[in-house]
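Quick one: the structure is below, questions incoming.
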Amino acid sequence: MVSISIRHLTKKFGGQAVLSDVNLEIEKGELFFLLGPSGCGKTTLLRHIAGFYEPDGGAIFFDDEDVTDLPVHRRGTGMMFQSYALWPHLSVAQNVAFGLEERKRPRAEIDQRVNEVLDLVQLGGMGARRIQQLSGGQQQRVALARALVIRPRCLLLDEPLSNLDAKLRMEMRSEIRRICKEFGLTGIYVTHDRDEALSMADRLAIMDGGRLAQVGSPDEIYKNPASRMVAEFIGEANFIEGRVIRESSRPGQYDVDCGFATLRSRPNNDEWRPVQGQAVQLAVRPEAMTFGDVRDSPNRFPGRIISTTYLGATVQYVLQVTDEILMKVCEMNPRDIRVPSRRDDVMGMCSVADLVMLRK
Amino acid sequence: MSTNLSRVVFSSMLIFFACFFVFPIWSTVKSAFLTQSGSFTLEYVSEVFLNEIYRDGLMNAFSIAFWTTVGCLIVALPLAFCYVRFEFPGKTLLNSLVLIPMILPPFVGAIGVKAMLGQAGAVNSFLAAFGLMDPAHPIDWLGEGQMLGIVIMEVLHLYPILYLNAAAALANIDPALEEAATSFGCNPVRRFWRVTLPLIMPGVFAGGTIVFIWAFTELGVPLVFDYSRVTSVQIFSAIKDLSGNPFPYALVVVMLVLSTLIYGVSKWFFGSSSSGGGGRATTARETVVLPMRTGIACACGFALVTFLAVIPHLGVLFLAVAQDWYGTVFPEALTLTHYRDALGHELTLSSISNSLKYSAAATLVDLVLGVAVAYVVVRTRIKGRQILDAMAMLPLAVPGLVMAFGFLAMTRDGQMFDWLMIGENPVLVLVIAYSVRRLPYVVRSASAGFQQVSPSLEEAAQNLGATPERALWRITLPLVAPNLIAGAMLAFAFAMLEVSDSMILAAQSAHYPITKAIYSLISSLGNGPNIAAALGVWAMMFLAVTFISAALILGKRLGALFRA
C-alpha cells in the first residue's frame, strides 16, 4: 500500500484546462473520494493516477517514488472501470488471472490466488462461467476481484456502482468498504453520488472546474462548506445575503444584518475573522431549520408556508420570509403536517451553530 | 499502442498511399498533359472531345451509367421499402438472396447472357417455339441492342448496392417524423412523397453515385459484349497500340475528372445531411404484417428479382455443361468435359494459381494495412487521422481503370517504379494494385470492429500490467477477429475477380489471372466459350463459399460493408 501525493497537476484538452494546479495528499490505507458534477475533472484526475493520461505539468508520487512518467502497465494500480471492462472472450477465472499472467507468476500460484479472490467476492465456483452469463452485480464483483488479485499499490474506482440498481448499490457500498479496510487498501473512488461519498469516504475532495474546491472528512465538508458550490453539491441549503455588523458577545459568533432581521452566525472556518461591513452569505440546511418561537433564540423570523410536499419520512415546506427570500424547511415525520397559509403565522428558527457564514 | 508507434504507422501509411495511390493517378494525369518532349499540352485532352469516336464513347458510357442507375432505382427502391416496412413470409431468407448478384461477377454473367440472347440463343428459340418469332428472321438482340444488354447486366449486378443504402436510410428515419405528418392530415401516398422520400434521398443518392461511377467505368461487361464504342473499352484497346500513345491517358483523365465531379456534386448536394432526418429514432417502428396474399406477392417480388439477376449466371452454368447449345431453349446434350478441359487447359491452371497467389498476397497486405489504419483512426488522437481514413476509403470512388492505368504508367521503363515490374512479371504490381483497391473493405470492417470494442477493455489490460502492444494482442485482436476474417474474405474474393488491373497489367499469358484467362478463352475458337464458362463456374462456386462463410461469421453486419 502506498500514500499518493499529487503536486501541481495541470492538464489541458484542446486548450481547455481540465485540471489546474491540483495538489492532494492521500494517506496510506485511506478510502478517498473524488466528488463533483460531470466535467469537473474527477475522472481525468483518476486516469492520471492510473497513468492513462500524461499531465502537462506537475507530478504524481506513490510514497517517495515519482511515477509521473511510469507507463500504465508498470504502475501497479488496480482499476475498476465504470463499464467494468470485462473481456467477453475470456471466462471469469481467465479475466481474474490476466494480471497475474502478465506478471509471469507460476500457474499453481495463479490458480490458488484466483480461487481465493473469487471466494472473497462471493463468486467461489463461478470461475468457468462466461462473462455474459453473469448478472450486473456479479460482473461488478469480477471486476473487483480482477483488480484485487494483483495486490495493487492502490485501488482506483471509476464510478463502479453507477450501473447497478439502488438495492444492489447499497449492498456493494458496504462490501467495497469492508474489503478496502480489511486489506488496508489505499483507494481512490470517483463518483457524482453524494450519498455514496458521504457514507463510504474517510476523506473526500469536491472538485469544480478542474480545481479542488474543498478537501476534508464528510462531516467537515457537510457542516463547514468552503463555498456555496460545495454547500449545494454536498446537500440542500438555503442561502441568505447579509453584512457583518460586529462580533457578538460570544467569541466566534457574529451578528449579521440580513435586511429582514439580524441573524447570528459562525464563520465556516476558525481562522477567518470577518470584519465589520463585510458582505457575506449565510447557509443553513433545511433539516437544521425548525418551526417554533423560542424567546431567547437569536435566529428566528416570521414567515408563511407557501407550499408543503409530503415525502413520507420527511415533509418539505417552502417558507416565505420576505418577497425575495424563500427558505426550504424539512421536518422529520411530523405528527401534524402544516398547510400553506396567507398570513405570516409561523416562526422559522435555526441555531447559531447551524447558520454558517461563507465568504462572498 | 504507444504514441510513437502510432506515428510510425501513420507516416508509413501516408508514404504507401502517396506511392501507390496518389502517384499512379498523378502518373496518368501527367502522361495526359505532357508531350513526348516534356512540355505541357492540352492537345490530347481536347482531342478527346473533338474526336467523334471518343466523344461517342463518352456519351455511351454516360448513357450506360445513367440507365443503369435508373434501372437500379426502379428495382431496388420498392424492395427496400417492402423490406423495412412490411413483414412477409420468408423475409429474412429473401433479404439475403436478393443480395446474391452483388457477389456474382457480371463479367462472367455476360458470357451467359451472350449465349442466351444470341441469334440462335435460348430466348429466340423460346420465342420461335411458341410461334412468336419467325425462325428464318431471328431478332438480333445483341447486334443493335448491345447497350441494352450491358445495361441489363449491370442493373442486375449493381442493384444490391442501392438496395442496401436505401434500406439503411429507410430504417434510420425516425418514425415520429412520419407519424407527425399523418397527424397533420397527410395521406400515406402524399406522406411518402413529402416526408419519406426527401429523408432517404441522401442515402439513395450515395448508393446511386456508387452505381453510376461503377457503371460509367465498367470494363468487363462491355468487353464481353464486344461493345467497342464506350470509353472504357476504347482505353483498353488503345493500350495495345503501345506506350507512346497519349490518348488512353487523356481518356482516363477525362473519366477520372467526370467521376470525381459526379462524386463531388452528390456529396455537395447531400453532404452532411445523411442521417435520415436528424437524430435518433424516438419511437420504435412497427413493421406492418401483410395479409397472406399481399405478403406472398411481396415475397414473389423478391424472388423474381433474384431469379432475373441470376439468369445470366444460370446461362453460364448451362454453357459450361452444354455439349451443344445452338437454336434450343435448353442445351441439348449435357457433358462435364468442359470442367475437365478447363482444369486441363494450360491457361486455366496457371491462371487459377496466379490468381490465388496474387490475391492471397494482396489480402495479407490489406490485413496488415487495414488493421493499422483502422487502429490509428479509431483509437488514437493523432492529427490528420481523418485524412488517412479518407484516403483508405478513396479507392472505392476512383475507377479501377484509372488506377490500373496509373500503375501501368508508373512502371513503364525509365519511370520511378519500373523495378516493380520484374522483367515482364507483373506479380508485385498486381499485388499492390489489388491491395490498394480492396483495402477499403478491410479498413471498413476493421474500424467497425474497433468501434465495437470499448477502449476500456484495453485500458483494463494495461492497468493489470500488459504493455500496450500485449493488450492489443491479447484483448482487442481476438475480439475483432471475426471482422478481420470477414473483411479479408471480401478483399480476397474481390481480388480474385478483379477485372481492370488484371486486364491491363498482365501482359503475358503465363501471368494471366483468372479474369484475363476467361476473357482470352471467350474469344478463342472451338469450345473456348464453354471452357471459359466452366472456369467462371469454378470461380463463382469459390466466391459463393467465401461469402457464405463471411456471412455466417459476420451475421447481419455483412451488409454494412457495401454501404456508402
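Output ³J(HN,Hα) for segment A:347-353: one whole-Hz value per residue in order, computed from phi by the Karplus curve 6.51 cos²θ - 1.76 cosθ + 1.60 with θ = phi - 60°, and x for Gly and Pro.
Using θ = phi - 60°, the values come out as 10, x, 9, 8, 7, 4, 5 Hz.
Additional query: Run down the aspartates and glutamates and flag those whose C-alpha is under 16 Å from the C-alpha of A:Lys11, throwing out any fewer than 8 positions away in its chain.
A:Asp21, A:Glu54, A:Asp56, A:Asp69, A:Asp208
Also, I was wondering about something else. Per residue, how big is the convex hull around the C-alpha atoms of the protein assembly as shown? Give it to me in cubic angstrom, could you?
261 Å³
Can you give me the relative contact order of segment B:173-254 as a percent, contacts being Cα pairs under 8 Å and 6 or more apart?
Across segment B:173-254, relative contact order equals 16 percent.
For peptide A:203-216, compute the average count of partner chain beta-carbon atoms within 10 Å of each residue's beta-carbon.
0
Applying the Karplus parametrisation 6.51 cos²θ - 1.76 cosθ + 1.60 with θ = phi - 60° to the phi angles of segment B:470-481, what ³J(HN,Hα) value in whole Hz is obtained for each residue in order, glycine and proline being reported as x?
5, 4, 4, 6, 8, 10, 6, 4, x, 6, 9, 3
Per residue, how big is the convex hull around the C-alpha atoms of chain A? Give it to me in cubic angstrom, could you? Intermediate results must be reported in sequence, preceding the final value.
Details: hull volume 63.2 nm³, N = 360.
Output value, Cα hull per residue: 176 Å³.
List the residues whose amide H sits under 5 Å from the amide H of A:Met80, counting only those 5 or more places along or on another chain, with H placed 1.01 Å from N in the peptide plane.
A:Leu156, A:Leu157, A:Asp158
Here's something else I'd like to know. Could you give the Stokes-Einstein D for segment A:236-351 in µm² per second, using the C-alpha Kirkwood radius, 20 °C, 1.002 mPa s?
143 µm²/s
For each of A:Arg169, B:Arg7, B:Arg438, count neighbouring Cβ atoms within 10 Å of the residue's Cβ, then give the residues from fewest to most. Can you show the working numbers first?
Numbers: A:Arg169 18, B:Arg7 13, B:Arg438 27.
In increasing order of surrounding Cβ atoms, one gets B:Arg7, A:Arg169, B:Arg438.
Picking from A:Ser249, A:Ser227, A:Ser83, which is most flexible by a Gaussian network model of chain A using Cα springs under 10 Å?
A:Ser249
Towards the positive end of the charge dipole of the protein assembly as shown, with charges on Cβ (+1 Lys, Arg; -1 Asp, Glu), say which of B:Gly301, B:Ser39, A:Ala283 has the farthest Cα.
A:Ala283
Give me the percent of DSSP beta bridges within the protein assembly as shown that run antiparallel, rounded to the nearest 5.
75 percent
For the protein assembly as shown, what is the calculated [θ] at 222 nm in deg cm²/dmol (nearest 500), taking -39500 (n - 2.57) for each run of four or more DSSP H residues and dividing by its residue count?
Roughly -16500 deg cm²/dmol at 222 nm, from the helical runs in the protein assembly as shown.
Among DSSP bridges having both ends in chain A, what percentage is antiparallel? Round to the nearest 5.
Numbers: 57 of 76 bridges.
Here the share of antiparallel DSSP bridges comes out near 75 percent.
I'd like the Karplus ³J(HN,Hα) series for segment A:232-241: coefficients 6.51, -1.76, 1.60, θ = phi - 60°, whole numbers in Hz, and an x wherever there's a Gly or Pro.
6, 6, 8, x, 8, 8, 9, 10, 10, 8
Same structure, new question: Using alpha carbon coordinates only, what is the Rg to Rh ratio of segment B:1-115, with Rh defined as the Kirkwood radius? List each step's numbers first, then the result.
Details: Rg = 23.5 Å, Rh = 20.1 Å.
Rg divided by Rh gives 1.17.
Return the long-range amide H neighbours of A:Leu19 (sequence gap of 5 or more, or a different chain), with a cut-off of under 5 Å between placed amide H atoms.
Residues meeting the amide H criterion: A:Lys11.
Moving to a separate point now. Have a look at B:Val22, B:Cys72, B:Asn165 and report the one farthest towards the positive end of the charge dipole of the protein assembly as shown, computed about the Cα centre with Cβ charges (Lys/Arg +1, Asp/Glu -1).
Selected residue: B:Asn165.
For A:Phe301, which sequence-distant residues (separation of 5 or more, or a different chain) have an amide H within less than 5 Å of its own amide H, given hydrogens modelled in the peptide plane?
Close amide H contacts, sequence-distant or interchain: A:Gly348.
Now a separate question. Could you work out Rg/(2.2 N^0.38 Å) for segment B:1-61, with Rg from alpha carbons only?
That works out to 1.82 for segment B:1-61.
Computed from the coordinates by the stated procedures, all read-outs in this text should not be read as laboratory data. Note that this is a predicted model, so its numbers are computed, not measured. Methodologically, a virtual Cβ is constructed for each residue, glycine included, from the backbone with ideal geometry; neighbour enumeration extends over all protein chains shown.
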